[in-house]
Amino acid sequence: MKTIGLIGGITWHSTIDYYRFLNEAVNKTLGGSHAAKIILNSLDFAEIKILTEQQDWEGIAVIMCKAAKMVEAAGADCIMLGANTMHNIADKVIAAINIPVIHIADAVAEAIKLKKLNTVALLGTKYTMQMDFYKDKLASHGISTIIPAEADIEFINATIYKEFSKGIFLPETKKQYLHIIDKLISQGAEGVIFGCTEIPILIKQSDCTVPVFDTTFIHSMAAVDFALRD
């Protein structure tokens with residue numbers, strides 16, 4: 001079994017789910033008392049949040065590359081960036097280390113292709129929704145992306161940073177998310193990507209009428225596949 005390197009704490013609420021998913025999947029595959037080999041470098045989200053709001057991607061890249069190098073030096077065989085938005089600088093991390101980066105959007109694209117969908121809605125921070133790094137990666141797999149209207153983008157972004165990052169998941173927020181999802185479905189979305197690793201804590205597949213893509217779970221399964229592959 002290879003060792004999975006996870007850069008977490010962005011936020012720690014979803015990092016808990018990463019840790020659980022990785023261990024559950026390894027145990028399900030290998031049985032017995034097996035668990036995943038994981039090296040976790042958990043960051044201070046407050047530092048990342050400030051730089052993200054300033055759109056200081058170079059500053060974020062410095063932190064992420066340093067964290068990745070530490071995890072590599074500790075013996076990891078791959079790296080996971082435990083947040084969708086941080087994949088904006090994934091190329092810089094890839095260039096800084098000598099082990100593979102399990103890219104979240106590639107893993108999500110493969111999951112979408114298994115469902116044979118062509119057009120999906122993307123929810124996440126405004127950076128994930130509005131910048132090209134995620135949509136371009138999906139497009140390279142032949143997948144078209146729909147994002148919400150501007151007011152809905154601002155609402156989603158605000159809830160991620162002001163609620164979810166603090167572990168706050170409110171019924172009224174969930175109701176508004178489901179309303180936004182319904183609007184996106186009416187615009188042609190065949191499925192919905194939960195492109196923020198905290199959104200799956202709020203919304204489940206049972207809440208939606210189209211397939212949803214839990215990026216935390218999908219990312220974790222891709223890493224486990226790598227770790228257990230001969």
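The values are calculated or read from the model by the stated rules, or taken from the named source; none is laboratory data. Worth saying up front: this structure is predicted, and the values here are computed from it rather than measured. Cβ sites come from the backbone with ideal geometry, for glycine too, and all protein chains shown count toward neighbours.
Consider region 1-22. How many of its residues are free of Cβ contacts under 8 Å to residues at least 60 places away in the same chain and assigned to a strand (DSSP E or B)?
Matching residues across region 1-22 total 0.
Condition check ((1) basic (Lys, Arg); (2) closer than 20 Å to Ala227 by Cα; (3) in a helix (DSSP H, G or I)) across all residues:
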site: Leu40; (1), (2), (3): no, yes, no
site: Thr52; (1), (2), (3): no, no, yes
site: Ile60; (1), (2), (3): no, no, yes
site: Lys66; (1), (2), (3): yes, no, yes
site: Gly75; (1), (2), (3): no, yes, no
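Right, Ala107: within 13 Å of the chain's Cα centre (by Cα), within 16 Å of Ile4 (Cβ to Cβ) and either assigned to a loop (DSSP other than H, G, I, E, B) or among the hydrophobic types (A, V, I, L, M, F, W, C) (or both) or not? Spelling it out, Ala107 is indeed within 13 Å of the chain's Cα centre (by Cα), within 16 Å of Ile4 (Cβ to Cβ) and either assigned to a loop (DSSP other than H, G, I, E, B) or among the hydrophobic types (A, V, I, L, M, F, W, C) (or both). Filter region 172-196 down to residues that are under 14 Å from Thr159 (Cβ atoms) and either free of Cβ contacts under 8 Å to residues at least 60 places away in the same chain or not assigned by TED's automatic domain parsing to the domain that holds Ile143 (or both), then give me how many there are. Count: 9.
Could you tell me whether region 78-94 includes any residue that is among the polar types (S, T, N, Q), within 27 Å of Phe45 (Cβ to Cβ), outside the structural domain of Ile10 (by TED's automatic domain parsing) and in a loop (DSSP other than H, G, I, E, B)? Looking for residues that are among the polar types (S, T, N, Q), within 27 Å of Phe45 (Cβ to Cβ), outside the structural domain of Ile10 (by TED's automatic domain parsing) and in a loop (DSSP other than H, G, I, E, B), one finds none in region 78-94, hence no. Residues in region 147-190 that are among the hydrophobic types (A, V, I, L, M, F, W, C) and part of a helix (DSSP H, G or I): Ala151, Ile153, Phe155, Ile156, Ala158, Ile160, Phe164, Leu178, Ile180, Ile181, Leu184, Ile185. A Cβ distance below 7 Å, combined with a sequence gap of six or more or placement on separate chains, defines the contacts here; from region 23-49, residues that are outside the structural domain of Thr11 (by TED's automatic domain parsing) and surrounded by fewer than 20 Cβ atoms within 10 Å (Cβ to Cβ) reach no residue that is assigned to a helix (DSSP H, G or I) and at pLDDT below 95. Exactly one residue among Ala189, Ala151, Ala227 is within 21 Å of Leu6 (Cα to Cα), among the hydrophobic types (A, V, I, L, M, F, W, C) and more than 18 Å from the chain's Cα centre (by Cα), and that residue is Ala227.
Specify the residue that is farthest from Gln176 (Cα to Cα); the eligible residues are those in region 127-136 that are assigned to a helix (DSSP H, G or I) and in contact (Cβ under 8 Å) with a residue 40 or more places away in the chain. Result: Phe133.
Is it the case that Ala46 is modelled with pLDDT of 95 or more, touching a Leu at 6+ places or on another chain (Cβ under 6 Å) and outside any strand (DSSP E or B)? So Ala46 does not fit the description; no.
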